[in-house]
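Everything below concerns the one structure shown next.
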Amino acid sequence: MMKYIKTWILVGFASLLLVACGQGGGGSGSKKSKTLDNTKKAGFVKCGVSQGLPGFSNADEAGNWSGIDVDVCRAVAAAVLGDADKVKYTPLSAKERFTALTSGEIDVLARNTTWTLSRDADIGLTFVGVNFYDGQGFMVRKNSGINSVNDFKNGISACTNTGTTTELNMRDFFNSKNISYEPIAFEKADEVVAAYDAGRCDTYTTDKSGLAAQRTKMSNPDEHKVLPETISKEPLGPVVRQGDAVWEDIVRWSLNTMIEAEEYGVNSSNASSLKDSENPAIKRLVGSEGELGAAFGLDNDWSLRIIEQVGNYGESYKKHIADTGILPNRGPNQLWTKGGILYVPPAR
Amino acid sequence: MILKKFNIENKKARDLIPQAITVLALLSVIIYFATNAQINMGNRGISFGFGFLNQEASFDITFSMIEYDGSHSYGRAFLVGLLNTILVSVIGIFFATIIGVIVGIARLSDNYLIAKVAEWYVEIFRNIPLILQIFFWYFAALRALPLPENGISFYDISFLTIKGWYVPKFIWTNFNIFLLSLIAAFIAIYFINSYATKQREQFGKQIPTTIISLTTLILIPLITFLFLGVSLTFEYPVLKQLSPTVFTYAGGVSIIPELIALALALSMYTATFIAENVRAGILGVGKGQKEAAASIGLNKNQILKLVVMPQALRIIIPPTTNQYLNLTKNSSLAAAIAYPDIVLVFAGTALMQTGRAIEIISITMLTYLTLSISISIFMNWYNKKMAIKEK
C-alpha cells in the first residue's frame, strides 16, 4: 500500500510544480534587448512577409525572396548578423500577420502593412517608419467605360482582401459617395484576382502598388486599368513588437540608413571607397566617424554593411519596383530633396 | 474518523483519489496556459476584454440575413456571420441527406448502371479534399456562368449569372395569417395521420395519407388567400446597366455564388458519407425481414418504406449525426471563397480590425461547440425516438 501513497504524492507534487511554472513563465523586459540576443543566438532574423506580392515580397521558383519589404529584413540581418542573407522568411496572410508578431513567431513584420493609430496603439505593435507611401485605388476593365470613381453607380460589386484597411476605406468611400455596393472580401490576394478576373466583381480595390503588381497576374493584363483617384493614405512600413526599444531602434535605423544613404549618394558600389569622404554625414554612414552602432549594441560597420549588401533605398526601389514595371514613377516615394516625401531624421 | 475514511484500504477512496489528482493536473495545465497567456499579453501591452463587441464594426458584409451595415457593432457582425454559418449548414445538411439517401439506395439497386453510377459518385467525391471541391465549384464550375447581360433566364423571372442567382422577392400582405394557416395545416395532417394509423392497426384499412396530407397542406393556406386577405406579389429582378459594359440586376433577391458553391461542395461531399451509412444500414437489416415482408404481399417500395427503412434508421442515424457535425464544422472553409461565415467575418475581419485574437478565437470556438452540441442533442433525441421500443 505504501507504494500507492508514494505514487500519489509524486503526482500531486508534479501538478503543483506545473502551477508554479505557470506563475514563473513569461519573464519581463529589461534594459538589454531580448530580441537582439535571441536573433544573435539563432543566427537569423525572423521576418514576416506577404504570401507573394511582386515588388514587395515575392519568392521565385527557387524560394528566394525579394522585394523592397524583403530588403528591410535583409538590412536588419546585415546590421545585426553581418550577412543580409541570414533571414528566415515566414509568409503570412493579412489576418495572421499581427498575431505572428505579437506571439514571437517573427521579430520583424515587413509586409506592406498600413500604419494606423489603432494598430500602433492598441494591439501591442510599434511601427518604425514608412518604406512605401501608397494609397488605395480601383482597377476596372478597360472596356467598362468607367474612367473615374465618379462613374460608379449603385449596385457595383467590389472585390478586395479581408482583414485590411482597404475593406474599411472602401466603405468610407462608397458611403461618402452615397453608392450602394456589394463588398466581396477574400482571404488571399490570389483568390481576389481570380474572382475579379472571372467577372465576379466589377472593380478590384486595394493599394495602388498592389493593383499594379496584381495586374501582371491577370489572364490579360492589358484589359485592365487603374483609375486615377486615390481614396486613402496608406503609409506602408515595417512593424515590431512593442516593448523592446533597442530592437525597435535597430529596425527603424536600418530602414533610415537606406534612405539616408540615397540622400547622400552612397550606394552599394561606392560605399567602402567613401570611408575618407570630406562629408562627415557620409563618414558617419559608412562608419568611419562616430560610434553610432554602440547605441544599440552593434559594431561601427553596421550601416556600411547595410549599404554594401542591400544597397540604398533608391537601388532597392529601382531593382524591385521600377525595373519590374510595377510603378516606374517614384511619385511620393522620391527623396524630399527631389520633390518626394521621403524624409528621415539625421543619423548622428 | 476522517483519516479512517481516506484510508488506503478504503476502496471508495482508492477509486476517488487518482481521479481527483487527474482533475487537479488538468486544471493545473489550464491554469498554466491561462497565466502564461496573461503574463505574455501583459508584457506586450495587450489588454483583455470584450468591450470591443459594442464598438462600431465599420466594415460591410456582402450577404446578411439581418439588417447590417458597417455602422453596426462587432457583436452584430458576429451574429451575421453566425446566421450565415447556420444557413449554409442547414442547406448543406438538407441536400446532403437527400442526395445521400438516394445514392445510398441507388448503390443497392438491381440496375447495374444505376448502381455503378452511384458507386463512382461516392468514390470520386469522397476521396477528393473538400477545399479542392469548394474551389472547383467556385472557380471552375461557376466561372462558366455568363455575365449578367447574358444571364441564363428562367421564364424571365429568375436569372443565373456569374454574380449570383437572382430570384424574385416575395412581398407578403398579412403574412402572419398565412403562417398560422400553415401551422393549422400541419396540426390537421398530424391528426389525419394518427387516425390513419389507428384505422390500419385496428381494421387493416389503408388510407392514402400522402394525398390527403398534401391536399390539406395546399387547401388550408389557399383559403387564407381567397377569404382572409392574404396576398403575395413578386418583385422580379431587372437588368440594370452600370456602365457601357457593366451590368447587374436590381430588385429581387440575389443568392450569391459563394453560397451556391459552398452549399454544393458541402452537400456533394458529405452526401457520399451519408450514402455509405444508408447502404450499411439497409444491408444491416436481416434478409429474413425482407423475405418475410415479401411473403405477406408487400411490394418493393412498401418493403423499403415500412420494413427495411425503420430498422435501417437505427444503424444510419448515429454515424450520420457525425456527418452533420462534420458538415457544420467544414463550413468554416467558407473563408477561402469569401462566403461571409463566422470564420471570415468574425475570426477574420473583426479579429484583424480589433487585434483581439484570444477573445475572438475563444468566442468562435465556443460558438462551434454550441452548434455541434445542439445538433448532437437533437440527433440523439431523434435516435431515441427511432430506436426499437421493446414491448
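Among the candidates A:G26, A:G12, A:G22, A:G55, single out the residue that is surrounded by 13 or more Cβ atoms within 10 Å (Cβ to Cβ), outside the structural domain of A:T165 (by TED's automatic domain parsing), in a loop (DSSP other than H, G, I, E, B) and at pLDDT below 85. Before the answer, list the steps.
Working: A:G12 fails: in a loop (DSSP other than H, G, I, E, B); A:G22 fails: in a loop (DSSP other than H, G, I, E, B); A:G55 fails: at pLDDT below 85.
So the residue among A:G26, A:G12, A:G22, A:G55 that is surrounded by 13 or more Cβ atoms within 10 Å (Cβ to Cβ), outside the structural domain of A:T165 (by TED's automatic domain parsing), in a loop (DSSP other than H, G, I, E, B) and at pLDDT below 85 is A:G26.
Which strands (runs of 3 or more DSSP E) sit wholly inside the stretch B:202-264 and have at least 1 residues that are of a type in the set (F, W, Y) and modelled with pLDDT of 85 or more? Please lay out each step first, then the result.
Numbers: elements: B:231-235, B:238-241, B:247-250, B:253-255.
Output list reads B:231-235, B:247-250.
Restricting attention to the stretch A:157-180, does a residue exist that is surrounded by fewer than 17 Cβ atoms within 10 Å (Cβ to Cβ), closer than 28 Å to A:A59 by Cβ and not basic (K, R)?
No, there is no match, as no residue in the stretch A:157-180 is surrounded by fewer than 17 Cβ atoms within 10 Å (Cβ to Cβ), closer than 28 Å to A:A59 by Cβ and not basic (K, R).
Counting only residues that are away from chain B (no Cβ under 13 Å), touching a strand residue (DSSP E or B) at 6+ places or on another chain (Cβ under 9 Å) and either β-branched (V, I, T) or part of a loop (DSSP other than H, G, I, E, B) (or both), how many does the stretch A:214-241 have?
10
Rundown of residues vs (1) within 30 Å of A:P183 (Cα to Cα); (2) polar (S, T, N, Q); (3) free of Cβ contacts under 8 Å to residues at least 24 places away in the same chain, yes/no style:
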{"position": "B:I152", "(1), (2), (3)": "yes, no, yes"}
{"position": "B:L160", "(1), (2), (3)": "yes, no, yes"}
{"position": "B:F170", "(1), (2), (3)": "yes, no, no"}
{"position": "B:I183", "(1), (2), (3)": "no, no, yes"}
{"position": "B:I187", "(1), (2), (3)": "no, no, yes"}
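What's the number of the only condition in (1) outside any helix (DSSP H, G or I); (2) within 14 Å of another protein chain (Cβ to nearest Cβ); (3) closer than 30 Å to B:I361 by Cβ that A:V140 fails to meet?
(3)
Out of everything in the stretch A:154-187 that is assigned to a helix (DSSP H, G or I) and more than 29 Å from the chain's Cα centre (by Cα), what residue ends up being nearest to the other protein chains (Cβ to nearest Cβ)?
Residues of the stretch A:154-187 that are assigned to a helix (DSSP H, G or I), as a first pass: A:165-176.
Narrowing further to those that are more than 29 Å from the chain's Cα centre (by Cα): A:175-176.
On the way: A:N175: 8, A:S176: 12 Å.
Per the stated criteria, the residue is A:N175.
Among the residues of the stretch B:49-61, are any in contact (Cβ under 8 Å) with a residue 24 or more places away in the chain, within 20 Å of B:P257 (Cβ to Cβ), within 12 Å of chain A (Cβ to nearest Cβ) and part of a loop (DSSP other than H, G, I, E, B)?
So the first thing to find is which residues in the stretch B:49-61 are in contact (Cβ under 8 Å) with a residue 24 or more places away in the chain, and the list is B:49-50, B:52-53, B:55, B:57-59, B:61.
Filter again for within 20 Å of B:P257 (Cβ to Cβ), leaving B:61.
Narrowing further to those that are within 12 Å of chain A (Cβ to nearest Cβ): B:61.
Now restrict to residues that are part of a loop (DSSP other than H, G, I, E, B): B:61.
Yes, the stretch B:49-61 has at least one match.
Give the residue, chosen from A:G137, A:G163, that is at pLDDT below 90 and out of contact with any Pro (no Cβ under 6 Å at 6 or more places or on another chain).
Working: A:G137 fails: at pLDDT below 90.
So the residue among A:G137, A:G163 that is at pLDDT below 90 and out of contact with any Pro (no Cβ under 6 Å at 6 or more places or on another chain) is A:G163.
Return the residues of the stretch A:199-213 that are at the interface with chain B (Cβ under 7 Å from one of its Cβ atoms) and buried (at least 20 other Cβ atoms within 10 Å of the Cβ); say none if nothing qualifies. Write out each step before concluding.
The initial filter retains those residues of the stretch A:199-213 that are at the interface with chain B (Cβ under 7 Å from one of its Cβ atoms), namely A:199-200, A:202.
Scanning the stretch A:199-213 gives A:R200, A:D202.
If B:H72 satisfies all but one of (1) out of contact with any Asp or Glu (no Cβ under 8 Å at 6 or more places or on another chain); (2) within 14 Å of chain A (Cβ to nearest Cβ), what's the number of the condition it fails?
In the conditions (1) out of contact with any Asp or Glu (no Cβ under 8 Å at 6 or more places or on another chain); (2) within 14 Å of chain A (Cβ to nearest Cβ), B:H72 misses (1) alone.
Can you tell me how many residues in the stretch B:312-359 are within 9 Å of another protein chain (Cβ to nearest Cβ), assigned to a helix (DSSP H, G or I) and surrounded by fewer than 22 Cβ atoms within 10 Å (Cβ to Cβ)?
The total comes to 3.
Could you list, in sequence order, the residues of the stretch A:119-137 that are farther than 17 Å from A:K208 by Cα and in a loop (DSSP other than H, G, I, E, B)?
Within the stretch A:119-137, the subset farther than 17 Å from A:K208 by Cα is A:119-129.
Answer for the stretch A:119-137, where residues must be farther than 17 Å from A:K208 by Cα and in a loop (DSSP other than H, G, I, E, B): A:I123, A:G124, A:V128, A:G129.
I'm trying to understand the selection: among the residues of the stretch A:290-321, which are among the hydrophobic types (A, V, I, L, M, F, W, C) and touching a Lys or Arg at 6+ places or on another chain (Cβ under 7 Å)? Reasoning before the result, please.
At the first step, the residues of the stretch A:290-321 found to be among the hydrophobic types (A, V, I, L, M, F, W, C) are A:292, A:294-296, A:298, A:302, A:304, A:306-307, A:310, A:321.
Once the filter is applied, which keeps residues that are among the hydrophobic types (A, V, I, L, M, F, W, C) and touching a Lys or Arg at 6+ places or on another chain (Cβ under 7 Å), the stretch A:290-321 yields A:L292, A:V310.
The values are calculated or read from the model by the stated rules, or taken from the named source; none is laboratory data. Because the structure is a prediction, the values reported are computed rather than measured. Cβ coordinates were reconstructed from backbone atoms using ideal geometry, including for glycine residues, and neighbour counts include every protein chain displayed.
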